[in-house]
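Structure first, then comments.
Just so it is clear, none of the values below were taken in a lab; they were calculated from the coordinates. Please read all numbers here as calculations on a predicted model, not as lab measurements. We place every Cβ from the backbone using ideal geometry, glycine too, and count neighbours over all the protein chains shown.
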Amino acid sequence: MARSIWNGSLSFGLVSVPVELFSATEDKAIHFNQFQAGTSDRIRNKRVNERTGDEVAYEDVVKGYDVGGGEYVIVTPEELEALEPGRTRNIEITDFVDVDAVDPVYYQKSYYLAPKGEQAERAYGLLRRAMEESNRAAVATLVMRGKQYLVTVRPEPRTLVLQTMYFADEVRDPAKEVPGVPVPDEFSDRELATAKMLIESMVTDWEPERFHDSYRERVEDLVERKRAGEEIVLESHRAEPTKVADLMSALEASIEAARGRSPASSPPLKASGRAHATRSDLAELSKAELYDRASNLELPGRSKMSRAELEKAVSAAESAGRRRKAS
């Protein structure tokens, strides 16, 4: 069972609810240590004075803020500590807003907010239910690990979810930062209707279990194979982009491909716009893309297949799936 990383109270008006905070996610990315090539010697990073080359002890390191022109303002740990927000164990709700009014770009990290103790459960449950039925999210501040966060608290069917937020000046304006934005917004009725038809043909229920980190799986498989002493043969296959005559041709071809798609057994459409591809279509995919399809089809032994074997197995499995659907 997960351990709480913070505990305190959630307050709104004169009501205060004891709560605990739990991480809602976990990092499963592959992490490596560094070694000198050809040896078993670990590589370590050191704090080194760039002028003298001497190593510097951690307690002798201070921070400098770059003000430009090669000039830095030095700030000591004691000066920063004096400016830290006051220690508090209270998440004070200042506002309630419509759940859908918050742009997801402001969200940083998600946490589960749980009642602390049986006495807190009724007040907690009442707040969650009231927020759910009114479709409201709470806006509040949280001090955790010496840092102040802007947060929202929103209702989920089983719990309250607290999400740390970016402040407004931390979110970039796409119109100023992104080339080509805003884009032209004038399209023919046929183009718009076809695009909507493609979207509707790909609509499914949200099932997060269908999606997985296939790159991480391949890295884990590589590590296990090398650990077992297997010699790894690298294969290179570069997929060429699909050529289409124009936007309408691409949309119409994508709709035809999507009509035969089975959400339960195939991944979302790739950039090529194909699903349940033919052998000639599969020939354009890289080994990594073929492995993704094999994983979604749950093909046994896929981790040990060559690219040619993956292409053959995927083609056979998808053809079998189409025959079953037709019958």
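Using the Karplus curve 6.51 cos²θ - 1.76 cosθ + 1.60 with θ = phi - 60°, what ³J(HN,Hα) values do you get for each residue of segment 130-142, in whole Hz, with x for Gly and Pro?
Once θ is set to phi - 60°, the couplings for segment 130-142 become 5, 5, 5, 6, 9, 6, 10, 10, 8, 10, 8, 10, 9 Hz.
Express in whole angstrom the spacing between the alpha-carbon centres of segment 151-195 and segment 96-137.
21
In a shell of Cβ-Cβ distance under 12 Å around VAL143, excluding VAL143 itself, what net charge do Lys and Arg (+1) and Asp and Glu (-1) give? List each step's numbers first, then the result.
Values: positive: ARG87, ARG89, ARG145, LYS147; negative: GLU84, GLU92.
Local net charge: +2.
In whole Hz and in residue order, list the ³J(HN,Hα) couplings for segment 143-155 that follow from phi through the Karplus curve 6.51 cos²θ - 1.76 cosθ + 1.60, θ = phi - 60°; x for Gly and Pro.
9, 9, 6, x, 10, 9, 10, 7, 9, 10, 10, 10, x
Could you work out how much longer the chain between ASN33 and GLU200 gets when fully extended? Use 0.36 nm per residue separation minus the Cα distance between them, nm to one decimal.
This chain segment gains 55.5 nm when fully extended.
Order these by the 10 Å Cβ neighbour count, fewest first: LEU290, LEU83.
Ordered by Cβ neighbours within 10 Å, fewest first: LEU83, LEU290.
Can you work out the FRET efficiency for the pair TYR166 and THR88, with r the C-beta to C-beta distance and R0 = 30 Å, to the nearest 0.05?
Efficiency for this residue pair is about 0.90.
Rounded if a/c is under 1.5, else prolate if a/b beats b/c, else oblate: with a ≥ b ≥ c from the C-alpha gyration tensor eigenvalues square-rooted, which is segment 1-43?
Working: a/c = 5.41, a/b = 4.67, b/c = 1.16.
Prolate, since a/c reaches 1.5 and a/b exceeds b/c.
Please find, in a Gaussian network model of the chain (springs between Cα atoms separated by less than 10 Å), the residue of SER110, SER303, SER188 whose mean-square fluctuation is greatest.
Per the Cα network of the chain with a 10 Å cutoff, SER188 tops the list.
Between LYS304 and VAL181, what length comes free when the chain is fully extended (0.36 nm per residue of separation minus the Cα-Cα distance, one decimal in nm)? Each step should come with its number before you reach the end.
On the way: separation 123, 0.36 × 123 = 44.28 nm, distance 4.49 nm.
Difference between extended and current length: 39.8 nm.
Under a 5 Å amide H to amide H cut-off, with H placed in plane at 1.01 Å, what residues pair with LYS109 once short-range neighbours are removed?
Amide H neighbours of LYS109, under 5 Å, 5+ apart: THR164.
Which value, in debye to the nearest 20, describes the size of the charge dipole of the chain about its Cα centre when Lys and Arg Cβ atoms bear +1, Asp and Glu Cβ atoms bear -1, and nothing else is charged? Kindly include the intermediate steps, with their values, before the conclusion.
On the way: 47 positive and 57 negative charges, 298 e Å.
Charge dipole of the chain: 1440 debye, to the nearest 20.
Counting GluC sites (Glu not before Pro) as exposed when in a DSSP loop with at most 14 other beta carbons within 10 Å, what is the longest stretch of the chain free of them?
In the chain, the maximal stretch lacking such sites is 51-185.
Please state the shape class of segment 108-263: rounded when a/c is under 1.5, otherwise prolate if a/b exceeds b/c and oblate if not, all from the C-alpha gyration tensor.
Cα axes put segment 108-263 in the oblate bin.
Can you work out the Karplus-derived ³J(HN,Hα) for every residue in segment 199-214? Use 6.51 cos²θ - 1.76 cosθ + 1.60 with θ = phi - 60°, whole Hz, and x for glycine or proline.
Result, ordered by residue: 4, 5, 5, 9, 5, 9, 6, 6, 10, x, 5, 6, 10, 8, 7, 5 Hz.
Which is farthest toward the positive dipole end of the chain among ALA313, VAL62, ASN296, measuring Cα position about the Cα centre, with Cβ charges +1 (Lys, Arg) and -1 (Asp, Glu)?
After comparing all options, I get ALA313.
Could you identify which residue out of LEU234, LEU247, LEU297 has the top mean-square fluctuation in a GNM of the chain using Cα springs shorter than 10 Å?
Per the Cα network of the chain with a 10 Å cutoff, LEU234 tops the list.
Tell me what the chain gives for mean residue ellipticity at 222 nm when only DSSP H runs of n ≥ 4 count, each as -39,500 (n - 2.57), the sum divided by the residue total, rounded to 500 deg cm²/dmol.
Value at 222 nm, helices only: -9500 deg cm²/dmol.
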